[in-house]
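The values are calculated or read from the model by the stated rules, or taken from the named source; none is laboratory data. Just so you know, these numbers come straight off a predicted model, no measurement behind them. Because the Cβ atoms are built from the backbone with ideal geometry, glycine has one as well, and the counts that use them run over all protein chains shown. Protein only, heavy atoms only, side chains kept; ligands, DNA and RNA dropped before computing areas. Shrake-Rupley method; radii C 1.70, N 1.55, O 1.52, S 1.80 Å.
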Amino acid sequence: MKPLRLDSKLPQVGTTIFTVMSQMAAEHGAINLSQGFPDYDGPAALKEAVKRHLDGGFNQYPPMAGVLPLREAVAAKVLDCYGARVSPETEVTITPGATEAIYCAITAIVRPGDEVILFDPAYDSYEPAVTLAQGKPVRLPLAPPAYRIDWQRVADSLTPRTRMIVVNSPHNPTGTVMSAEDLATLAELAERHDLIVVSDEVYEHLVFDGRRHESVLRYPALAARSFAVSSFGKTYHVTGWKTGYCVAPAALTTELRRVHQFVTFVGITPIQLGLAEFMRAHPEHLRELPAFYQAKRDVFNAAMAASRFRFVPSAGTYFQLADYGAISDLPDREFAAWLTREVGVAAIPVSVFYETPPDARYVRFCFCKNDDTLRAAAAKLAAL
Ligand SMILES: Cc1ncc(COP(=O)(O)O)c(C=O)c1O
């Protein structure tokens, strides 16, 4: 038999650490604070709405851009939250998860050799999308413990080939949020250098201590050159439904849909209709979400105060970074494996989010778990 010629286009990509750690947690019966999914269910009324549409025969392809009632609900929401007036017909697209929206936005815009500014650490889906588009990822460090964007460094890194910048606030894994000043600087640089922005805002409603989420949609000059991406999975505790959306000006949306049409074409009809109905009937869900997750952060951090982990309370997301330098000298992957096996708590080693990890000892704990789960995990961690 003739040997198969196969050169991987993504040779660096293996099984994601999220799968690895969740499997290890299951094997060792550890409390799983690694992968970011709740151990509680989405709202009963939301599930009822989806079931009703499923039983009502809404089981064929929806329109390519998503069912209109859900696009209208998203338009109403961004007007209410950010004062942004967007067209449900031409500026909102429903996608199978935020990941697909991000992939389509990058694929639609980035050409071979284009440079794309990504931060280090960053969510793991951005870089492979840039690489597959034959773009060049340019990773700029966010330095611990504050993890702020060094805008001077961003400005210094821009070249005539820079086409796009990908920002993420609230930020996974660090739990930091961008300020109004950050957005003003981003707007100024993006306009001056004619950059397109992908703004990953999947944790837009998980912002704590009275802070306000700084969406690109609040700022018209920025919104005019941005893909703003979010995820119903995070907002409604249904990560397994893989449903998200992208808001972008009509010209950018046209390009996004040209790719989306041939990646997945559509999402799932009864889920989209159920989400639309629930969003209309329960606007309070969004208002209550920050307090819901802040309380979880506080339950976990109060119990962790007795531990030798050091941490700055997360400002957003459902993740808490913790410095384990006072407990162990192990590199973070080994520490996370040891923690899962020997202590019975699974966490994510933060180096997996980096191209160039700093010499620091951090793991990421996920606090979208029942309070009893959080207290039980923190009790084990406090014993170290
Ligand atoms: C920063 C960030 N962006 C995007 C996603 C993916 O969202 P979705 O499940 O809707 O594709 C996640 C999920 O963990 C995330 O943390």
Query raised in the report: Taking into account only those residues within region 358-374 that are over 18 Å from S314 (Cα atoms) and either charged (D, E, K, R) or free of Cβ contacts under 8 Å to residues at least 60 places away in the same chain (or both), which is least open to solvent (accessible area, probe 1.4 Å)?
Result: D372
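May I ask you to say which residue of P349, P290, P283, P313 is closer than 25 Å to R211 by Cα, in contact with a helix residue (DSSP H, G or I) (Cβ under 6 Å, 6 or more places away or on another chain) and modelled with pLDDT of 95 or more?
P313
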Query raised in the report: Hey, G83 hits all of (1) over 25 Å from A360 (Cα atoms); (2) within 16 Å of the ligand (Cβ to nearest atom) but one; which does it fall short on?
Result: (2)
Query raised in the report: Within region 76-84, can one find any residue that is in contact with a strand residue (DSSP E or B) (Cβ under 9 Å, 6 or more places away or on another chain), touching a residue at least 24 places away in the same chain (Cβ under 8 Å), acidic (D, E) and within 30 Å of Q272 (Cβ to Cβ)?
Result: no
**Report entry** region 15-46, subset surrounded by fewer than 14 Cβ atoms within 10 Å (Cβ to Cβ) and either closer than 9 Å to A347 by Cα or among the acidic types (D, E) (or both), residue farthest from the ligand (Cβ to nearest atom)
**Finding:** E27
Report task. Could you check, for region 67-89, whether at least one of its residues is touching a helix residue (DSSP H, G or I) at 6+ places or on another chain (Cβ under 6 Å), modelled with pLDDT of 95 or more, part of a loop (DSSP other than H, G, I, E, B) and under 24 Å from F262 (Cα atoms)? Result -> yes
Report summary line: Scanning region 207-229 for residues that are within 15 Å of A75 (Cα to Cα) and assigned to a strand (DSSP E or B) gives F227, A228, V229
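Based on what the data block shows, is V197 of a type in the set (A, V, I, L, M, F, W, C), in a loop (DSSP other than H, G, I, E, B), within 16 Å of the ligand (Cβ to nearest atom) and in contact with a helix residue (DSSP H, G or I) (Cβ under 8 Å, 6 or more places away or on another chain)? Full working, then the answer.
Working: of a type in the set (A, V, I, L, M, F, W, C): yes; in a loop (DSSP other than H, G, I, E, B): no; within 16 Å of the ligand (Cβ to nearest atom): yes; in contact with a helix residue (DSSP H, G or I) (Cβ under 8 Å, 6 or more places away or on another chain): yes.
No; evaluated as a whole, the condition is false for this residue.
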Report task. Could you tell me which numbered condition A180 fails, if it satisfies all but one of (1) out of contact with any helix residue (DSSP H, G or I) (no Cβ under 8 Å at 6 or more places or on another chain); (2) open to solvent by 20 Å² or more (accessible area, probe 1.4 Å); (3) in contact (Cβ under 8 Å) with a residue 40 or more places away in the chain? Result -> (3)
Query - Pairs where the first residue, in region 97-119, is of a type in the set (A, V, I, L, M, F, W, C) and the second is in a helix (DSSP H, G or I) and within 11 Å of the ligand (Cβ to nearest atom), C-beta under 7 Å, 6+ apart - result: I102/Y126; L118/Y126
Report task. Taking P3 as the residue in question, decide whether it is closer than 28 Å to F265 by Cα and not polar (S, T, N, Q). Result -> no
Report task. Restricting attention to helices (runs of 4 or more DSSP H) lying wholly within region 230-315, give those where 2 or more residues are open to solvent by 20 Å² or more (accessible area, probe 1.4 Å) and touching a residue at least 60 places away in the same chain (Cβ under 8 Å). Result -> 250-263, 269-281, 284-304
Query raised in the report: Is it the case that region 90-98 has a residue that's open to solvent by 30 Å² or more (accessible area, probe 1.4 Å), away from the ligand (no atom under 16 Å from the Cβ) and under 17 Å from V202 (Cα atoms)?
Result: no
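When region 153-175 is examined, which residues are found to be open to solvent by less than 50 Å² (accessible area, probe 1.4 Å) and of a type outside the set (A, V, I, L, M)?
We begin by selecting, within region 153-175, every residue open to solvent by less than 50 Å² (accessible area, probe 1.4 Å); these are 154-155, 157-158, 162, 164-175.
S157, T162, N168, S169, P170, H171, N172, P173, T174, G175, listed by residue number.
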Query raised in the report: For region 128-152, how many residues meet the condition of being assigned to a loop (DSSP other than H, G, I, E, B), at pLDDT 95 or above and open to solvent by 50 Å² or more (accessible area, probe 1.4 Å)?
Result: 3
Report task. Could you list, in sequence order, all residues of region 208-229 that are open to solvent by less than 40 Å² (accessible area, probe 1.4 Å) and more than 14 Å from the ligand (Cβ to nearest atom)? Result -> F208, E214, S215, V216, L217, L222, A223, S226
Report task. Consider only pairs whose beta carbons are under 9 Å apart and that are at least six residues apart or on different chains; among these, list those whose first residue lies in region 155-168 and is under 11 Å from V110 (Cβ atoms) and whose second residue is basic (K, R). Result -> R161/K136; R163/R111
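Give the residue that is farthest from the ligand (Cβ to nearest atom), with candidates limited to residues of region 99-117 that are of a type in the set (G, A, S) and surrounded by fewer than 24 Cβ atoms within 10 Å (Cβ to Cβ).
G113
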